[in-house]
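Enquirer: Structure provided below as structure tokens; questions to follow.
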């Protein structure tokens, strides 16, 4: 019979584990990365003509080097920007100076003629027409221009205010048609809402602003 | 007299068994190992992120590359000055290094993931837009179009 071994003293195991725990606590970070997602336009093509957009469909936001904000040529404040953008996008009274709209069915017809149209987009437009009462889709584009001397903090505050306007419009649309907020929708439903309210922020080629 | 006074003839309390303590600590250890991630790099620039309300989370950390912009820390000011600079990986870099950085970030991932890379711009709130615009133009040149302006999340009512 084998000699019986004495038990190994395990009381220091806890200390070792604590040591490891402290090491990981110190070297790791809990923070999640978050921020404003944006897709940059592809490099400017010199040969291609700039797409012509009707004057009324552009909402111009300027920030100068002193971090002052001008909305459609008028000096304004970031706090007003979200409301003004929503008014521009939804254009509830069909004002002639605010963004024009077109029915989802009109867009659908145009897309059907386009050979490059995505199958999924066609399906989603069909859904919009059949189930959401053929909503009017805005043609509005928010154009954001800033100076090289603009403070980054101001720029982000303005970006944020504009995105907030789009998010609020999407939330309203989602609640009306699906009874939930945009974040609670499935990704397929979110794609449909994104078609109905496209995030159209255009950033001009850099230039200086007085 | 007192309730707490040890009566000499009373029963001895059994020692509390600590045999399960290592298990508990290991459990904690694994929890922290799984929910946290290693610090990406050591900052050489000072970054105070701006605040925003409409933030989206970056889902897959493996598909994110970071570009830091801010004034160099005190220890590096003698060498790099006090104006905001770009930091790529753990080096303070120049604008023209960005194309190489994007290339190396892409080649370290497989082809599929390389297309889905997001470039997270961690920019100090006091930096000027000039340097950010330059970075954006550089990124456009190399077709790195998905970016994320890194911000802290605040509630709408707290911002203004």
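Enquirer: What nm value, rounded to one decimal, do you get for the distance between residue B:103 and residue B:43 when each label is placed 7 Å out toward the C-beta?
Expert: 3.1
Enquirer: Okay, moving on. When Cβ neighbours within 10 Å are restricted to other protein chains, what is their mean count per residue of peptide B:18-30?
Expert: On the way: counts 4, 4, 1, 7, 9, 3, 2, 9, 7, 2, 6, 9, 2.
Taking all residues of B:18-30 together, the mean is 5.
Enquirer: For A:19, A:62, what ranking results if the residue with the fewest other Cβ atoms within 10 Å of its Cβ goes first? Present the calculation step by step, with values, prior to reporting the outcome.
Expert: Numbers: A:19 12, A:62 22.
With the fewest neighbours first, A:19, A:62 line up as A:19, A:62.
Enquirer: Which value in deg cm²/dmol, rounded to the nearest 500, describes the helix-derived mean residue ellipticity at 222 nm for the protein assembly as shown, given -39,500 (n - 2.57) per DSSP H run of n ≥ 4 and division by the residue count?
Expert: Values: 12 runs with 140 residues, N = 370.
Rounded to the nearest 500, it is -11500 deg cm²/dmol.
Enquirer: Average the reciprocal distances over every distinct pair of alpha-carbons in the stretch A:55-203, invert the result, and give the Kirkwood radius in Å. Intermediate values should be presented prior to the final figure.
Expert: Numbers: mean 1/r = 0.0609 Å⁻¹.
So the Kirkwood estimate lands at 16.4 Å.
Enquirer: A follow-up question, please. Output the 0 to 90 degree angle, nearest 10, between the alpha-carbon long axis of helix B:129-141 and the longest principal axis computed from the alpha carbons of chain B.
Expert: The angle comes out near 80 degrees.
Enquirer: Return the inverse of the average 1/r over all pairs of distinct C-alpha atoms in chain B, which is the Kirkwood hydrodynamic radius, in Å to one decimal.
Expert: Values: mean 1/r = 0.0509 Å⁻¹.
Here the Kirkwood hydrodynamic radius works out to 19.6 Å.
Enquirer: Still on this structure, please answer the following. Quote to one decimal, in nm, the extra length available between residue A:72 and residue A:183 on full extension: 0.36 nm per residue of separation minus the C-alpha distance between them. Let's see the in-between values first.
Expert: Values: separation 111, 0.36 × 111 = 39.96 nm, distance 3.09 nm.
Extending this stretch completely gives an extra 36.9 nm.
Enquirer: Taking the simple approach of a point 7 Å from Cα along Cα-to-Cβ for both residue A:95 and residue A:148, what is their distance in nm?
Expert: Simple spin-label model gives 3.6 nm for this pair.
Enquirer: Also, quick follow-up: Where does helix B:21-35 land angle-wise versus the long Cα axis of chain B, in degrees 0 to 90, nearest 10?
Expert: Roughly 20 degrees between the two axes.
Enquirer: While we're on this one: Treating the protein assembly as shown as a set of equal point scatterers at the Cα positions, no solvent, please give the Debye-formula log₁₀ I(q)/I(0) at q = 0.10 Å⁻¹.
Expert: -0.78
Enquirer: Ignore the peptide's own chain and count Cβ atoms of other chains within 10 Å of each Cβ in A:166-175; give me the average, rounded. It would help to have the intermediate numbers written out before the result.
Expert: Numbers: counts 1, 3, 2, 0, 0, 0, 0, 0, 0, 0.
Average per residue, whole number: 1.
Enquirer: For each of A:128, B:95, A:40, count neighbouring Cβ atoms within 10 Å of the residue's Cβ, then give the residues from fewest to most.
Expert: Working: A:128 22, B:95 13, A:40 16.
In order of increasing Cβ crowding within 10 Å: B:95, A:40, A:128.
Enquirer: So, one more: Taking chain A as the reference, fit the longest principal axis to its C-alpha atoms, fit the long axis of helix A:78-90 to the helix C-alpha atoms, and give the angle between the two in degrees, 0 to 90, nearest 10.
Expert: The answer is roughly 60 degrees.
Bear in mind that the values in this text are calculations on the coordinates, not laboratory data. Since this is a predicted model, take the numbers as computed values, not measurements. In this analysis, Cβ positions are derived from the backbone assuming ideal geometry, glycine residues included, and neighbour counts consider all displayed protein chains.
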